[in-house]
Amino acid sequence: MHFTSQPFALRALVAALALLFTTSAPALAGTLQSASPVKPSAQTLPATMSQDMLPQLSALPRPTLPQFAQLDRLLADTPLLHEAQAMQQAALQNGQVLRSGTQEFTGQAQVQQRRVDAPPDNGNYAEWQLLLNRQIRLPSQAQADIRLADALTTSANAGLVGARQQLLTDVLAAWFAAQRAQAEAALAQQNLSLMQGQVQALQRRKALGDASVLELEQMQAEEARAQSALLLAQGLASSSRAALEARYPALAGDTTLSGQAGSTAQLALPDQPADALRALVEQNSVTLARNRAALQQAQAKAGQATAARTPQPTVGAYVGSDRGGRERIIGLQFSMPFGGPARVSTERAALAEVDAAQWRLRDTQAVTLAEFQRLLATAQSQAAGVKAMDRAAQVQTQASARMLRAYQLGEAGISDWLLARRSALDAVRQALQSRFDAAQSAALLKLQAGLLFDASSSAAVMPAANPD
């Protein structure tokens, strides 16, 4: 009996077959999908292909300051500081000369033979004379000399402070350059490690027939690019660190150079308002301190020239013996030059130098305040730029992750994902660089305002310049 010849039996057979295909379709589709060499799905990719595809910004080195112990040792051993200290001692001694005065006692002795031919005193007589005199410094001249001595001391102190601040400025520039290079080398190392892991994962997938040769070659080319970037970054890091340690040997053992230790709180912007910061910068400015000392010195020299218009007298006393001791001589001596036009011209020249020093100080104040405004605006914009670059890196990283997901689902090629990954890596690198740029600007701003170092560092603390 043939079932197909019966209408009822035929309809029953068709219904049974339809039910059978409906229940077995998912299993059959899964079997066909696993056997088909199409683009891998998210479920078939290894775990390394779906996470940790980019270096994490939070795991990279952060900018820090050198340790205070190294800075103290550096300041104690630097020839530039020793030179400034020697100049300070010289200024103190020159000031002592001005306070004591250069007027000294002068002794003179005279011996002679007298011959008398006329009687009754004819004969030969031995005669002698002793003279002791000294130039007298007037009170106005003494006060002018004391003012000049104070000006020399102030100038030497400003020179010592200036040498310290210039040294610290150079140290910070070299320190942040070396630390930035170390951080970029760490970024390149992490990137290469990630790419090597992806190449190994793709090689396993190719061995299983789950990836093409083109995909593997593109990933290997990206690995070679990461290797080249690492070599360049390591070379720059080595050269910058060698330059830092050669110029400043005391920083050779500083462990904070890697950015993994040390406090970062001091590299934030100051909390003071702009007006207070400007006052601190003006008070601690080494350039202004030097120009103030130069003005004080010019004023003291002008005071000397004014006092010198009255000449210094010379007084003395003498004793003598004439005619073989028959006559004794005791007397006083007084001499005083007459002031001429040269003294007037000297005073006018000194007053003109005072005027020039005043104008120079005004110009320095304007330049200092303009530099402060520029540095403050730069530091503030770079601090805001750090946050913006962090957000940009996050967005680029998310975009790279979405492109990776599209590649995993077969909606994009591997070249599209690698291009998005390069953009995200550049964003991470720029965010890293912005951190060091902002930290360096904040450190320089605090250094100029005298706020960078704690009181625990004796040599690194910058003494305030005397505004007088």
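Taking θ as phi - 60° and the Karplus parameters 6.51, -1.76 and 1.60, the scalar couplings of region 117-133 work out to 9, 8, x, x, 9, 5, x, 10, 10, 8, 10, 8, 8, 10, 10, 10, 9 Hz in sequence order, x denoting glycine and proline. The charge dipole of region 76-121, taken about its Cα centre with unit charges on the Cβ atoms of Lys, Arg (+1), Asp and Glu (-1) only, comes to about 180 debye. Taking only the Cα atoms of region 372-458, the radius of gyration and Dmax are 19.1, 64 Å.
Here the accessible area is traced with a 1.4 Å probe on the protein chains. For region 361-424, carbon and sulfur cover 55 percent of it. Annotation note: chymotrypsin sites (Phe, Trp or Tyr not before Pro) in region 318-375 located in DSSP loop regions with a Cβ neighbour count of at most 11 within 10 Å are 338. Region 359-424 and region 200-241 have Cα centres lying 25 Å from one another. Accessible surface of region 172-249, 1.4 Å probe: 58 percent of it comes from carbon and sulfur atoms. Charging the Cβ of each Asp and Glu at -1 and of each Lys and Arg at +1, and nothing else, the dipole of region 92-193 about its Cα centre rounds to 180 debye.
Summing charges over all other residues whose Cβ lies under 15 Å from the Cβ of residue 105, with Lys and Arg as +1 and Asp and Glu as -1, gives +1. Restricting the calculation to Cα atoms, region 334-391 shows an Rg/Rh of 1.59 when the hydrodynamic-style radius is the Kirkwood one. What's the FRET efficiency of residue 335 with residue 371 using the Cβ-Cβ distance as r and R₀ = 45 Å, to the nearest 0.05? For R0 = 45 Å, the calculated efficiency reads 0.20.
For the pair residue 213 and residue 402, a Förster radius of 30 Å applied to the C-beta separation gives a FRET efficiency near 0.70, rounded to the nearest 0.05. For region 161-231, the solvent-accessible area with a 1.4 angstrom probe is 40 square angstrom per residue.
The string of couplings for region 414-431 from the Karplus curve (6.51, -1.76, 1.60, θ = phi - 60°) is 5, 5, 5, 5, 5, 5, 5, 5, 4, 4, 5, 5, 4, 5, 5, 5, 5, 5 Hz, one whole number per residue in order, with x for Gly and Pro. Taking a Cβ cut-off of under 13 Å around residue 431, the surrounding Lys, Arg, Asp and Glu residues balance to a net charge of +2, with basic ones at +1 and acidic ones at -1. Excluding ligands, DNA and RNA, the accessible surface per residue across region 292-428 is 56 Å² with a 1.4 Å probe. Label-to-label distance for residue 384 and residue 105 is 7.6 nm, based on points extended 7 Å past Cα in the beta-carbon direction.
Ligands, DNA and RNA left out, the 1.4 Å accessible surface of region 57-169 is 53% carbon and sulfur atoms.
The values are calculated or read from the model by the stated rules, or taken from the named source; none is laboratory data. On a predicted model such as this, the values are computed, not experimentally measured, just so you know. Every residue, glycine among them, receives a Cβ derived from its backbone with ideal geometry; neighbour counts consider all protein chains shown. For accessibility, only protein heavy atoms count, side chains too; no ligands or nucleic acids. Shrake-Rupley method; radii C 1.70, N 1.55, O 1.52, S 1.80 Å.
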